[in-house]
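Notes follow once the structure below has been shown.
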Amino acid sequence: MTRDDVEARLARVLQRIEAAAGRAGRRPDDVEILPVTKGHPARAIEIVGELGLARIGENRVPEAEAKRSALGATPGVAWHLIGRLQRNKARRALRLFDVVESVDSVMLARTLSRIVEEERLGPAEVLVQVNPSGEAVKAGFAGESAVDAVREICALPGLRVRGLMAMAPFTNDEAVLRPVFRGAASLLARCRDEIPEFGGDVLSMGMSNDFEIAVEEGSTRLRLGTVLLGER
């Protein structure tokens, strides 16, 4: 991986985002890129920071710990946990990450809240993971339970719930993807309307294979790995 390679890929990705936003009557500036650096060397994080991207996404606590140790401080780059978080790693995660995007149970949210209170940390920024497709293999809240879960999580001390995160089935079939993305956007709107404490300004959905459709359906944050950083 070289900076020139990533810079060239980024230019192409930005063009595609601009075109997708235009088709949906949106402003491309309303969509941010979250480079997914999992599986890539620590240098990838330095490169995306040098290119002005302010966030990176990692899936696993141990890998993120190793990279933070290798890099030291990374000013201007916020670290996001986008993979499933086991409760026994929650304390380590809160020390490592600026944002936890994968809060997929009320029990996990309660654990995070308790640790924030115990360690007298500032509010932890989180997203609630939803599962609009109802796939059994996907984590997150589905259907009506999602709104109830967001309401309960928003009431916990020490957490700042900025929005929702969703994962679509891994496919290029628009007929499958669009209903999932629309379902997530609909849940975001409902939570925003019904829960005063809900931030509701972030909808994290869309990855390398489907991000243009996600933009057209309302995503505000794209989690991009291969299309931006190349193969792992």
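The values are calculated or read from the model by the stated rules, or taken from the named source; none is laboratory data. From a predicted model like this one, the values you see are computed outputs, not experimental measurements. Note that each Cβ is placed from the backbone with ideal geometry, even for glycine, and that neighbours are counted across all protein chains shown. To get the accessible areas, we keep the full protein, side chains included, count just its heavy atoms, and leave off ligands, DNA and RNA. Shrake-Rupley method; radii C 1.70, N 1.55, O 1.52, S 1.80 Å.
Worth a mention:
- Farthest towards the positive end of the charge dipole of the chain, among the residues Ile33, Ser219, Leu159, is the Cα of Leu159, using unit charges on the Cβ of Lys, Arg, Asp and Glu.
- The mean sequence separation of alpha-carbon pairs under 8 Å and at least six residues apart, normalised by the residue count of the chain, gives a relative contact order of 21 percent.
- Selection of GluC sites (Glu not before Pro), region 178-232, meeting DSSP coil and at most 12 other Cβ within 10 Å: Glu231
- Just the protein heavy atoms count here, and of the accessible area of the chain at 1.4 Å, carbon and sulfur take up 48 percent.
- C-alpha center-to-center spacing [region 147-226, region 106-142] in angstrom: 14 Å
- Loop-resident sites, region 43-144, for trypsin sites (Lys or Arg not before Pro), counting at most 11 other Cβ within 10 Å (DSSP): Arg120
- Under a 5 Å amide H cut-off, with hydrogens placed 1.01 Å from N, Leu224 pairs with Leu34, Val36 among residues at least 5 apart or on other chains.
- Within the chain: Cβ-based charge dipole about Cα centre, in debye rounded to nearest 20 (Lys, Arg +1; Asp, Glu -1): 580 debye
- Evaluated over region 102-232, the Cα radius of gyration and Dmax, each in Å: 15.0, 47
- Prolate/oblate/rounded call for the chain, Cα gyration tensor, a/c under 1.5 rounded: oblate
- Between Gly57, Gly140, Gly83, the Gaussian network model of the chain with springs among Cα atoms under 10 angstrom shows the greatest mean-square fluctuation at Gly83.
- For region 1-130, accessible area per residue (1.4 Å probe, heavy atoms of protein chains only), Å²: 48 Å²
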